[in-house]
Amino acid sequence: MPKKLIVDGNEIEVEDGITLLQACEMAGAEIPRFCYHERLSIAGNCRMCLVEVAGAPKPVASCAQTVNDLRPNPDGSPNVISTRSPAVKKAREGVMEFLLINHPLDCPICDQGGECDLQDQAMAYGVGGSRYQENKRAVEDKYIGPLIKTIMTRCIHCTRCVRYMTEVAGVEELGLAGRGEDAEITTYLENGILSEMSANVVDLCPVGALTHRPWAHNTRPWELKKTESVDVMDAVGSNIRIDTRGAEVMRILPRNNDAVNEEWISDKTRHVCDGLKTQRLDQPYVRRDGRLVPATWEEALAVVGEKLKTTAAGCIGAIAGDLAGAEEMFALKRLMDDLGVTNLDCRNPGETLDASCGRSGYLFNTTIEGIEQADAILLIGTNPRLEAPVLNARIRKRWRLGGLAVGLVGESADLTYAHEYIGAGPADLAAIADGKHAFADILRQAKAPMVILGAGAHTRPDAPAVLALAARIAAAARDGVEAGHSVFNVLHTAAARVAGLDIGFLPTGSGLDTASMIEAAGRGDLDVLYLLGADEFDTTKLGNTFVVYQGTHGDRGAHRADVILPGAAYTEKSATYVNTEGRVQLTQRSIFPPGQAKEDWAVLRALSATAGKTLPFDTLSELRATLYKSVPHLQRIDAISGNGDDCLTGLQNSAGKLGTDPFANRVSDFYLTNPIARASTIMAKLSALKAEKQASGQLHAAE
């Protein structure tokens, strides 16, 4: 039941179970803290959050005591709490004085300068001097990986990093060794951490003990322009902040969104920004005499436009890549439709998902936030730790609360939480669908079951049969579950995939899909192939087909191209992306594209004029108005438009024979999944380090 408190003279009513710190902040008081973090367990070891409770013999650590722990007053009156009394002020000054006894005075050279909690709170709650004249303690710096730089003399032992790595990342490699003056934060045998989410500890560190090694001494926070945007390294759509200086992206940080990524991002999301600066395509190229040579925009567009005009529609194909925004995919589809082209696809070779059974047939229908209500999860052909680390952390968060059963059909992997390994192939999935495996009973008895289908399951020749089995399992699990709860979920790995499926960037009639276009090109049956940032297939199989590549980096597609049209990366344009759960989000331009590169929709608008099929929009707002008329739900920003599990009946009727090959995860190297990541020196180092650890047996091969 609600409880009444008087905080600094203001009476408030709070719910049971919350901490005094939370109650005081609800009353408008500001409570300093170092060890407390709302997403981590309570340590209560910094004592900066002390408050005075009437009747208590001494100040109370407000983070470690709940409102239910307060002794009731004899007369039944509300408990009185003071956060600004002389006793509290003196206690906080004493705590700050203790913290600064050993802290080095190196703010001018510290990367946390300007963003340091200790610095800010020393100004607000500390005193002007110290009574201690003893020599400061020195601690040897530790090597904990290529992403995190340590200066452990600055450490105040708040243990946020230890709790984060143990509780959220699920990699128990940080700990506090020693006691008293000899206490040190360190890794096991001073080994480097290699977790897909390790760099979040730098955001948590309230001092400069942990800083980002790749950004060391590059910039100061007050020099940076900050732009709110969305990540495209996977299909989760993590909310990010892009910090730029001039024409350069200096760093990427997480933005809080409880429905998507909370306040975490993967290491790839955070540190891929150096890949935005290297191997960039900054001017058009045309292949002449077997060599790609620089050309003007007019020359390049004229060559492509002439090819499109003089080639039969049935001999033209278009493939959209994994990082394409909705606007450029819609513009390319509209151009191809006007040319009569039916060979177009936004999927990688082998992918079969489409909208034939409804939009819910390719969405994460339970939603990412809905994972926290699940009590049984079946993973099919996926390793979410590599395909969507932030989503995997959400599953771990739910698992730590207890009462969650997780089953895995596919490649064995260390998922950071306990799970039952059911088997590797379709036969094991069929056993669950037929009720012959114990996990089928677990799903049927669950109140909030989930079936999560990964790319390893829906990119196979027998994908329709696998989808039918998964739908049968989901339908059986949904019986008895309250209305409105969705069970069937698809976990995508590409940021562009859901928007492409929403737009209908798919073959129509007798049109060819991606795999068929590649085969046709190899046979010489396809004369022109337009690649919109499509790099995730073997471009050496395209034979003598005339290839147009519109993209950002000199990756696989550019190497094979006959004409290169330089486009804009996700940090350089405003574009619409739809994440795996169907949430519509916008990136924002933080810098302009390099050199002569242009936003992708503008390139396609200019190309349409040279191809004799001028598109009916001249500005981004006009394009979006046309897009919203065609696909109305794309205008509902940060909203999810879904229909629950209405796909299950259609999916169960999918035809096809079940194969015998085991499921294979589609993400083999987490750090090198797209052209931006492959251009990143930091990602290359992490990939090499991981391969080295796997070769030496220090790391499970499936991690």
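The values are calculated or read from the model by the stated rules, or taken from the named source; none is laboratory data. Just so it is clear, the structure is predicted and the values come from calculations on it, not from any experiment. Cβ: placed from backbone, ideal geometry, glycine included. Neighbour counts: every protein chain shown. The accessibility values were calculated without ligands, DNA or RNA, using every heavy atom of the protein model including side chains. Shrake-Rupley method; radii C 1.70, N 1.55, O 1.52, S 1.80 Å.
Miscellaneous remarks
- In the range 604-652, of all residues being under 26 Å from the mean Cα position of the chain (by Cα) and polar (S, T, N, Q), the one that is least open to solvent (accessible area, probe 1.4 Å) corresponds to Ser641.
- Residue among Gly381, Gly358, Gly410 that alone is on the phi > 0 side of the Ramachandran plot and either surrounded by fewer than 24 Cβ atoms within 10 Å (Cβ to Cβ) or of a type outside the set (Gly, Ala, Ser) (or both): Gly358
- Considering residues of the range 9-22 that are in contact with a strand residue (DSSP E or B) (Cβ under 7 Å, 6 or more places away or on another chain) and at pLDDT 90 or above only, the residue nearest to Thr66 (Cα to Cα): Thr19
- Filter pass, Arg347 being more than 30 Å from Gly403 (Cα to Cα), in contact (Cβ under 8 Å) with a residue 12 or more places away in the chain and surrounded by fewer than 23 Cβ atoms within 10 Å (Cβ to Cβ): no
- Lone qualifier among Ala655, Ala664 - being open to solvent by 30 Å² or more (accessible area, probe 1.4 Å), among the hydrophobic types (A, V, I, L, M, F, W, C), assigned to a loop (DSSP other than H, G, I, E, B) and modelled with pLDDT under 85: Ala655
- Conditions (1) on the phi > 0 side of the Ramachandran plot; (2) surrounded by fewer than 24 Cβ atoms within 10 Å (Cβ to Cβ): number failed by Leu353: (1)
- Exclusive hit being more than 21 Å from Leu586 (Cα to Cα), within 13 Å of the chain's Cα centre (by Cα) and not aliphatic (A, V, I, L, M), set Asp274, Asp289, Asp267, Asp234: Asp267
- Residues of the range 324-344 that are touching a helix residue (DSSP H, G or I) at 6+ places or on another chain (Cβ under 8 Å), of a type in the set (A, V, I, L, M, F, W, C) and either farther than 22 Å from Pro464 by Cα or open to solvent by 40 Å² or more (accessible area, probe 1.4 Å) (or both): Ala324, Ala326, Met329, Phe330, Ala331, Leu332, Leu335, Leu339, Val341.
- Residues (among the aliphatic types (A, V, I, L, M) and touching a residue at least 24 places away in the same chain (Cβ under 8 Å)) located in the range 655-694: Ala655, Leu658, Ala664, Val667, Ile676, Ala677, Ala679, Ile682, Met683, Leu686, Leu689
- Test result for Lys447, without any contact (Cβ under 8 Å) to a residue 12 or more places away in the chain and not in a helix (DSSP H, G or I): no
- For the range 445-475, residues that are within 11 Å of Val487 (Cβ to Cβ) and not aliphatic (A, V, I, L, M) total 1.
- Subset of the range 425-444 (residues that are assigned to a loop (DSSP other than H, G, I, E, B) and either touching a residue at least 60 places away in the same chain (Cβ under 8 Å) or within 20 Å of Phe364 (Cα to Cα) (or both)): Gly425
- Flag if Pro146 is on the phi < 0 side of the Ramachandran plot, in contact (Cβ under 8 Å) with a residue 60 or more places away in the chain and surrounded by 15 or more Cβ atoms within 10 Å (Cβ to Cβ): yes
- Scan of the range 4-43 for residues that are surrounded by 15 or more Cβ atoms within 10 Å (Cβ to Cβ), without any contact (Cβ under 8 Å) to a residue 24 or more places away in the chain and assigned to a loop (DSSP other than H, G, I, E, B), ordered by number: Ala27, Ile42
- The set of residues in the range 221-233 that are touching a Ser or Thr at 6+ places or on another chain (Cβ under 6 Å) and within 24 Å of Arg497 (Cα to Cα) comprises Ser229, Val230, Asp231, Met233.
- Counted residues, the range 161-197 - those being buried (at least 22 other Cβ atoms within 10 Å of the Cβ), in a helix (DSSP H, G or I) and touching a Leu at 6+ places or on another chain (Cβ under 8 Å): 4
- The condition of being open to solvent by 40 Å² or more (accessible area, probe 1.4 Å) and either charged (D, E, K, R) or closer than 29 Å to Val162 by Cβ (or both) holds for only one of Ala54, Ala87, Ala64, that being Ala64.
- Pair list, Cβ under 9 Å, 6 or more apart: the range 207-228 residue assigned to a strand (DSSP E or B), other residue of a type in the set (Gly, Ala, Ser): His212/Ala199; Lys225/Gly246; Lys225/Ser590; Lys226/Ser590; Thr227/Ser590
- Every pair of residues 6+ apart whose Cβ atoms lie under 9 Å, when the first sits in the range 626-646 and is more than 16 Å from Phe330 (Cβ to Cβ) while the second is surrounded by fewer than 14 Cβ atoms within 10 Å (Cβ to Cβ): Ser641/Pro632; Gly644/Ala483; Gly644/Gly484
- For the range 476-594, the strands (runs of 3 or more DSSP E) that sit wholly inside it and include 2 or more residues that are modelled with pLDDT of 95 or more, of a type in the set (A, V, I, L, M) and open to solvent by less than 10 Å² (accessible area, probe 1.4 Å) are 528-532, 546-551, 563-566.
- Flag if Gly321 is within 30 Å of Pro632 (Cα to Cα), touching a residue at least 12 places away in the same chain (Cβ under 8 Å), more than 28 Å from the chain's Cα centre (by Cα) and surrounded by 17 or more Cβ atoms within 10 Å (Cβ to Cβ): no
- With respect to the stated conditions, Lys149 fails to be in contact with a strand residue (DSSP E or B) (Cβ under 9 Å, 6 or more places away or on another chain) and assigned to a loop (DSSP other than H, G, I, E, B).
- Among the residues of the range 260-315, the one identified as open to solvent by 50 Å² or more (accessible area, probe 1.4 Å), assigned to a loop (DSSP other than H, G, I, E, B) and closer than 20 Å to Leu335 by Cβ is Ala312.
- Residue within the range 80-87 that is at negative phi, in contact with a strand residue (DSSP E or B) (Cβ under 6 Å, 6 or more places away or on another chain), hydrophobic (A, V, I, L, M, F, W, C) and without any contact (Cβ under 8 Å) to a residue 40 or more places away in the chain present: yes
- Residue match in the range 235-247 (condition: touching an Asp or Glu at 6+ places or on another chain (Cβ under 6 Å), part of a helix (DSSP H, G or I) and among the polar types (S, T, N, Q)): no
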